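This report refers to the structure that appears directly beneath it.
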Amino acid sequence: MIYRKDANFPYPVLSNTSQSYAANYFDLDVNVSENADFYHFHFDYEIDSEFMREQISRGRAQLILIIQSKDNKFYKLQPSQQTVEIHKSRISLNKRTSIQLHIQALDKINFGSNNDLNEFYIQFRDEVNVPKFSLLGYSNVIVFDGSITKPFDLFEKRVDKDLKSDIKVELGQETIVIHYKNPEFQFNHLPKSNVLNNPYIYAGLSKALQTFIINNSDDGDVDIEDIQEPDGSLDLKLYNLMKKKMVAELNMDNIDEVIYKISDRIIEKYTVALGGLVTDGS
């Protein structure tokens with residue numbers, strides 16, 4: 001199973017929200033790619049606890065990747081393994097999919113040498129014995145909508161000659177849609193046309209983040225670490241992207257700062273591209 005909230009155990013369990021460990025950081029990051037037959041799950045993880053890292057390296061504990069879609073899939077990992085390949089016939093990503101990393105004991109483990117525990121458990125750590133096959137730790141949960149090939153692919157471009165304006169930014173169910181009255185407004189006839197569209201991208205992100213605040217906050221301040229995962233596909237993409245880029249807070253006053261963090265210097269790239277056109281033109 002996947003643990004989304006703190007669970008009660010009769011012994012210390014490592015997690016990002018655990019009060020049992022002083023060194024409790026257990027972070028997972030996952031990217032998904034695919035070909036005609038397989039899904040490829042590429043993941044990185046970081047474990048603060050030296051004790052847990054030692055149990056894994058000595059073969060006394062193992063990492064298990066859990067992928068929850070219509071049902072749960074479990075994949076036992078080697079200590080250095082960072083990729084899992086799954087045939088498309090064995091898993092469905094047609095709805096929201098959750099991914100978590102667990103640490104499981106492969107032997108009875110005594111916590112006498114576990115220096116990563118908090119002060120309370122340090123006092124009697126010699127008495128803590130965890131049975132074989134018990135859960136030792138669980139990471140954060142990675143969530144994305146499996147029906148979307150690229151979870152962070154945010155934008156669509158469309159041409160609508162009946163527009164009453166030159167450009168229109170619209171928030172769709174899964175994407176930010178930029179409508180152009182004239183296809184020439186996309187700069188397709190110029191080099192680096194995608195980069196020249198960055199001001200429209202900026203406007204789209206600004207509108208989407210403002211709506212995100214309205215949808216996910218009562219007072220205008222969104223704590224990205226504390227809010228529940230949004231229901232809407234577009235909001236969920238933005239949420240995952242902000243978490244991936246380590247955005248902690250979103251409000252109307254820091255939208256520009258958040259765009260800077262999540263958009264990979266789009267204004268700087270636009271300026272460079274524009275300067276190149278001016279230089280080539282002269």
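Annotations for the structure displayed:
- Evaluated against (1) outside the structural domain of residue 69 (by TED's automatic domain parsing); (2) of a type in the set (D, E, K, R); (3) buried (at least 16 other Cβ atoms within 10 Å of the Cβ); (4) at pLDDT 90 or above, residue 174 falls short on exactly one condition, (4).
- Of the residues making up segment 217-242, just one is acidic (Asp, Glu), in contact (Cβ under 8 Å) with a residue 12 or more places away in the chain, out of contact with any Phe, Trp or Tyr (no Cβ under 9 Å at 6 or more places or on another chain) and part of a loop (DSSP other than H, G, I, E, B), namely 225.
- Among the numbered conditions (1) small (Gly, Ala, Ser); (2) more than 16 Å from residue 140 (Cα to Cα); (3) in a strand (DSSP E or B), the only one that residue 98 does not meet is (2).
- Residue 130 meets all of the listed conditions (1) hydrophobic (A, V, I, L, M, F, W, C); (2) in contact (Cβ under 8 Å) with a residue 12 or more places away in the chain; (3) not assigned by TED's automatic domain parsing to the domain that holds residue 60 but one, namely (3).
- Here residue 141 fits the description: of a type in the set (Val, Ile, Thr), within 30 Å of residue 38 (Cβ to Cβ), surrounded by 12 or more Cβ atoms within 10 Å (Cβ to Cβ) and in contact with a Lys or Arg (Cβ under 8 Å, 6 or more places away or on another chain).
- Test for residue 130: is it of a type in the set (A, V, I, L, M), crowded, with 18+ Cβ neighbours inside 10 Å and in contact with a helix residue (DSSP H, G or I) (Cβ under 7 Å, 6 or more places away or on another chain): no
- Criterion (within 24 Å of the chain's Cα centre (by Cα) and over 25 Å from residue 276 (Cα atoms)) met by exactly one of 227, 201: 227
- Scanning segment 27-59 for residues that are within 17 Å of the chain's Cα centre (by Cα), of a type in the set (Phe, Trp, Tyr) and closer than 29 Å to residue 115 by Cα yields 43, 45.
- Residue within segment 203-223 that is closer than 30 Å to residue 6 by Cβ, among the aromatic types (Phe, Trp, Tyr) and buried (at least 18 other Cβ atoms within 10 Å of the Cβ) present: yes
The values are calculated or read from the model by the stated rules, or taken from the named source; none is laboratory data. The shown structure was predicted, so the numbers you read here are calculated from the model rather than taken from an experiment. Reconstructed Cβ throughout: ideal geometry from the backbone, glycine too, with neighbour counts over all protein chains shown.
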